[in-house]
Amino acid sequence: MSHQATTASEIKVLIDGQEARVKPETTIFQAAKTLGISIPTLCSHPAVEPYGACRVCTVELKRGKRSRMVTACNYPIREEGLEIQTRSERALRARRLVLELLMARCPEVKILRDMAQEVGLEKSRYPKGDDKERCILCGLCVNICNQVVGANAIGFVSRGVDRKIGTPFLENSMDCIGCGACAFACPTQCISMTEKDGVRKIWDREFKLAVCPVCGNYYAPIDQLETIRKQVNLPPDHFKVCFTCRGLKL
Amino acid sequence: MNKAKALKSAEELKALFQSLSSEKPVGKIRVTIPNATCSIARGSAGIIRRLEEVLKQKKLSSQVEIKVTGCRGFCQIEPVVVIEPLNVLYQRVSADDVPEIVETSLVQGQVVERLLYPVSKEKRARTEAELPFYSLQKRFVTENCGVIDPTSMKDYLLTGGYQALARALKMKPEEIINEVEKAGLRGRGGGGFNTALKWRTCRTAPGEPKYAIINADEGDPGAYMDRSLLEGDPHRVLEGLIIGAYAIGSSQGFIYVRHEYPLALRNFRTALNQAREYGFLGKNILGSGFDFEVQVNQGGGAFVCGESSALMASIEGKLGEPRAKYVHTVERGIWDKPSNLNNVETWANVPLIINKGADWFAKIGTQGSKGTKIFSVVGKINNTGLVEVPMGVTLKQIVFDIGGGIPQKKKFKAVQTGGPSGGCLPESLLSLPVDFDRLTEVGSMMGSGGMIVMDEDTCMVDVARYFLNFLKDESCGKCTPCREGIKQMLAILNRITEGKGQEGDVEQLEEMSGGIIDAALCALGGTSPNPVMSTIKYFRNEYDAHIRDHKCPAGVCKALVTYSIDPQKCTGCGLCLRNCSTGAIKGAKKKPHRINPKKCIKCGICYEVCKFAAVKRS
Ligand SMILES: Cc1cc2nc3c(=O)[nH]c(=O)nc-3n(C[C@H](O)[C@H](O)[C@H](O)COP(=O)(O)O)c2cc1C
Ligand code: SF4
Ligand code: SF4
Ligand code: SF4
Ligand code: FES
């Protein structure tokens with residue numbers, strides 16, 4: 001490699017003409033953030049490994065005369081001499097393509113329209129898909145469930161254009177603990193989660209919610225509390241009182 | 001052969017080679033019959049069975065050695081039978097020919113003329129060397145395919161097998177890498193990566209263990225060179241892997257084989273077991289202190305699993321999906337350890353380089369592409385099969401000299417190279433020397449070496465649509481540009497072939513192509529616009545004809561053609577009427593017939609069958 005990897009702990013990088021100094025392995029997205037430059041993202045989230053699927057964060061990377069397109073969310077800065085343009089014509093073309101395609105897939109999702117406006121795109125020229133389709137297949141729900149919750153309750157079903165998010169074989173998943181992390185993480189709010197009379201419904205399953213003996217409110221699915229309690233080896237009545245009341249009592 | 005004793009040194013291998021070479025042949029006569037996937041499909045197994053029966057009846061079994069081998073490449077003329085020392089090759093043999101072959105050729109020593117390959121109307125070829133198909137070929141990597149019994153270690157050893165390994169184990173790893181570098185070997189799996197550079201990066205990358213992997217996923221439709229190598233000469237591929245593993249410093253190998261390749265897998269497994277028995281795998285190989293083992297992994301058959309990061313995820317037992325490779329797999333691959341993946345054919349080149357030397361190797365080929373390449377030549381061509389030619393041979397030589405040109409005196413239109421996401425090259429590029437860089441320059445690619453020849457009856461818009469449809473089905477669906485982009489490009493192409501194209505469609509396809517190339521996660525999506533862009537580049541007039549004139553010049557796109565019968569030419573023979581499956585043709589005997597356009601489904605059968613060219617397609 002032409003540039004010596006710096007053993008010193010910081011690497012210099014130019015982003016949209018501004019200089020940043022970052023630790024090796026810092027992503028372009030993080031480096032840009034230190035300069036106050038924001039790059040749109042859809043499939044990355046601080047809690048999980050960058051997945052690199054939506055491609056909306058595509059930027060142009062130059063090293064010497066060579067230029068290539070990379071995704072900001074997962075490109076690790078490991079060497080000197082990189083110059084990044086987050087809004088070059090080529091970067092914007094890629095971003096527009098992605099957003100125009102996603103808007104055709106999910107015509108009613110606002111976050112897409114907002115991002116599209118930002119790159120000068122009003123509407124999609126492609127034939128519109130189902131109005132009810134809200135999933136952009138960013139994979140955040142799956143990655144949160146696997147990497148953060150550790151439940152591995154949902155995943156990708158089918159390939160290619162038929163790809164969907166779902167429980168294995170689209171049957172009720174016994175691994176789901178009803179925590180709702182997937183629904184909270186979803187950027188388009190397309191995972192249905194409802195609560196009624198002490199029962200939470202998600203992924204076609206019903207979860208009984210625990211009632212707090214102090215305030216009388218429902219506060220979390222019993223399955224979830226049990227799972228956490230066993231994982232961390234807590235006494236049986238550890239979660240008996242809801243978080244708020246426990247906070248008050250302490 | 002009895003169970004072998006593991007060899008403990010290069011010297012013991014040499015001694016074994018000498019003792020094997022001095023053994024007397026089994027019988028006076030040798031009959032070689034390729035029995036690989038392609039030949040089996042054409043009945044080779046039945047020929048072998050029949051030959052064994054006839055020989056037994058005639059009490060000739062002890063005098064004749066039957067050698068069952070892999071494929072000799074010329075699949076069109078399979079099943080093939082080669083007889084030595086008579087030195088004759090019979091083609092398109094059937095089991096019923098066997099008694100005559102035995103009587104005439106094995107007993108009387110005469111040639112069965114009618115089974116020889118017809119070079120022209122007057123002339124028949126007696127030996128393989130006389131076949132035009134082989135004239136320009138240089139069969140180095142495939143030298144043993146169709147010659148040795150792939151399940152016999154003895155056969156492989158007799159060709160000098162594992163001597164490259166013995167030599168390599170006496171070299172320093174870095175010396176081997178330098179040799180491969182000097183040879184100029186580039187990966188045969190598609191990208192044409194510099195093999196030595198990959199090996200060196202993997203060798204110096206921190207992390208243990210390191211993995212060495214054979215990519216035998218071979219998913220390109222129509223390509224089967226890797227299958228043929230594994231079926232016909234598995235030890236060569238394995239020997240290459242062991243040498244490479246030693247150079248890299250890898251103690252664990254994998255082979256990733258697609259599950260549709262049962263024979264390739266069986267032969268490779270046999271080779272693995274034999275290599276363990278002889279001490280070419282395991283601990284302290286040939287007394288060198290080098291340990292290496294190989295594990296077999298079977299792919300689920302998804303095309304994308306041939307992509308390096310998807311393949312490695314699949315070996316780890318995860319979903320076979322690509323991931324970002326900003327840190328290369330040679331640094332962080334399987335379980336984040338340095339992992340070097342090479343294609344079957346790449347590995348098969350390695351023993352050749354060690355045996356014959358980098359200088360010898362580098363003399364073959366062009367400036368930037370050294371050695372030979374195996375191509376599978378299929379489509380509208382007279383001689384289909386696998387051809388191994390030096391890099392730099394022209395498209396014309398492959399299509400016309402080796403391939404024998406286009407059947408039925410049709411005109412050549414295009415040759416598609418590089419697999420589903422390669423490009424279509426027109427007649428004006430026939431003199432292009434075929435190597436990695438030239439193909440990329442003209443908007444196509446080497447890919448794994450598939451070549452599909454197309455004649456004048458091919459619609460290039462339809463071809464683009466066909467490949468894009470394949471890629472749509474094979475996209476893993478992870479990233480937006482590929483999953484959604486190919487679908488939308490396909491929708492535009494579908495519209496065009498249905499006669500509903502609009503001004504601006506071509507420009508939109510071009511714009512989308514640019515974005516998809518830049519934004520897709522892996523090379524499947526990143527190269528998916530190639531079929532579209534290359535057909536726009538070289539056959540723009542066909543797009544325009546569809547869009548502006550609502551015409552399909554080749555008469556392929558159903559929505560744009562109509563069939564009618566010329567009453568002047570029609571003799572009323574009724575052949576079309578009898579062949580039409582929907583009863584769309586009416587007419588009295590010996591009177592001109594007519595096609596009812598409401599019933600016609602445009603299958604074109606009438607056009608094909610009419611002997612008087614009375615059916616018109618427009
Ligand atoms: C979609 C896709 C499919 C691929 N399929 C294969 C394959 O079947 N066999 C193969 O050797 N390489 C395949 N490749 C290329 C591999 O990713 C990799 O570059 C290659 O195995 C490296 O070996 P080489 O350097 O010897 O060519 C594929 C690449 C892509 C993007
Ligand atoms: S609600 Fe179920 S599927 Fe969603 S993150 Fe929690 S465990 Fe996973
Ligand atoms: S459900 Fe939501 S989080 Fe999950 S992939 Fe779809 S859009 Fe992303
Ligand atoms: S380019 Fe296609 S095959 Fe590759 S990761 Fe994206 S969706 Fe999957
Ligand atoms: S945020 Fe980078 S690819 Fe989705």
Got at least one residue in segment B:550-570 being in contact with a Gly (Cβ under 9 Å, 6 or more places away or on another chain), open to solvent by less than 30 Å² (accessible area, probe 1.4 Å) and free of Cβ contacts under 8 Å to residues at least 40 places away in the same chain?
-> no
Go through A:66, A:105 for me and flag whichever is surrounded by fewer than 19 Cβ atoms within 10 Å (Cβ to Cβ), away from ligand 1 (no atom under 16 Å from the Cβ) and farther than 21 Å from residue A:36 by Cβ.
-> A:66
Pair list, Cβ under 6 Å, 6 or more apart: segment B:48-67 residue open to solvent by less than 30 Å² (accessible area, probe 1.4 Å), other residue of a type outside the set (Val, Ile, Thr) | B:54/B:99; B:55/B:61; B:64/B:27; B:64/B:55; B:67/B:30; B:67/B:149
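Can you say whether residue A:182 is near ligand 2 (Cβ under 9 Å from one of its atoms) and modelled with pLDDT of 90 or more, as far as the supplied structure shows? If you could, list the steps in order and put the result at the bottom.
Details: near ligand 2 (Cβ under 9 Å from one of its atoms): yes; modelled with pLDDT of 90 or more: yes.
When the stated conditions are applied, residue A:182 passes them.
When you go through B:77, B:40 one by one, which is the residue that is within 25 Å of the chain's Cα centre (by Cα) and open to solvent by 40 Å² or more (accessible area, probe 1.4 Å)?
On the way: B:77 fails: open to solvent by 40 Å² or more (accessible area, probe 1.4 Å).
Answer to the check: B:40.
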Of these, A:133, A:122, which one is within 12 Å of chain B (Cβ to nearest Cβ), open to solvent by 10 Å² or more (accessible area, probe 1.4 Å) and either part of a helix (DSSP H, G or I) or charged (D, E, K, R) (or both)?
-> A:133
Only residues that are open to solvent by less than 10 Å² (accessible area, probe 1.4 Å) and among the hydrophobic types (A, V, I, L, M, F, W, C): list them for segment B:331-351, please.
-> B:334, B:344, B:347, B:348, B:350
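Name the residue, out of A:207, A:169, that is in contact with a strand residue (DSSP E or B) (Cβ under 9 Å, 6 or more places away or on another chain) and assigned to a helix (DSSP H, G or I). Give the derivation first.
Numbers: A:207 fails: assigned to a helix (DSSP H, G or I).
Result of the check over A:207, A:169: A:169.
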Residue satisfying all of: in segment A:11-49; within 16 Å of ligand 3 (Cβ to nearest atom) and within 14 Å of chain B (Cβ to nearest Cβ); most open to solvent (accessible area, probe 1.4 Å) among these = A:49
Please work out which one of (1) in contact with a helix residue (DSSP H, G or I) (Cβ under 9 Å, 6 or more places away or on another chain); (2) of a type in the set (Asp, Glu); (3) open to solvent by 10 Å² or more (accessible area, probe 1.4 Å) is the condition residue B:484 fails and give its number.
-> (3)
Considering every residue within segment A:209-219, establish whether at least one is within 19 Å of residue A:182 (Cβ to Cβ), in the same structural domain as residue A:174 (by TED's automatic domain parsing) and in contact with a Lys or Arg (Cβ under 9 Å, 6 or more places away or on another chain).
-> yes
Kindly list, by first and then second residue, each pair from a residue in segment A:178-202 that is under 20 Å from residue A:135 (Cα atoms) to a residue that is within 16 Å of ligand 1 (Cβ to nearest atom), limited to pairs with Cβ atoms under 8 Å and residues at least 6 apart or on different chains.
-> none
Among the residues of segment A:175-186, count how many are surrounded by fewer than 18 Cβ atoms within 10 Å (Cβ to Cβ) and within 16 Å of ligand 5 (Cβ to nearest atom).
-> 0
Out of all the residues in segment B:270-327, which are more than 16 Å from ligand 1 (Cβ to nearest atom) and within 14 Å of another protein chain (Cβ to nearest Cβ)?
-> B:317, B:318
Selection within segment A:212-239 - surrounded by 15 or more Cβ atoms within 10 Å (Cβ to Cβ) and more than 22 Å from residue A:167 (Cβ to Cβ) = A:212, A:218, A:219, A:229, A:239
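Going through B:437, B:462, B:457, B:518 one at a time, which residue ends up being open to solvent by 10 Å² or more (accessible area, probe 1.4 Å), among the acidic types (Asp, Glu) and in contact with a Gly (Cβ under 6 Å, 6 or more places away or on another chain)?
Values: B:462 fails: in contact with a Gly (Cβ under 6 Å, 6 or more places away or on another chain); B:457 fails: in contact with a Gly (Cβ under 6 Å, 6 or more places away or on another chain); B:518 fails: in contact with a Gly (Cβ under 6 Å, 6 or more places away or on another chain).
Just a single option satisfies the conditions, and that option is B:437.
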For residues that are at negative phi and part of a loop (DSSP other than H, G, I, E, B), scanning just segment B:373-394, find the one that is most open to solvent (accessible area, probe 1.4 Å).
-> B:380
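The values are calculated or read from the model by the stated rules, or taken from the named source; none is laboratory data. Here the structure is a predicted model, which means the values were calculated and not measured. Every residue, glycine as well, gets a Cβ built from its backbone with ideal geometry; the counts of neighbours run over all protein chains shown. Ligands, DNA and RNA are excluded from the accessible area calculation, which covers all protein heavy atoms including side chains. Shrake-Rupley method; radii C 1.70, N 1.55, O 1.52, S 1.80 Å.
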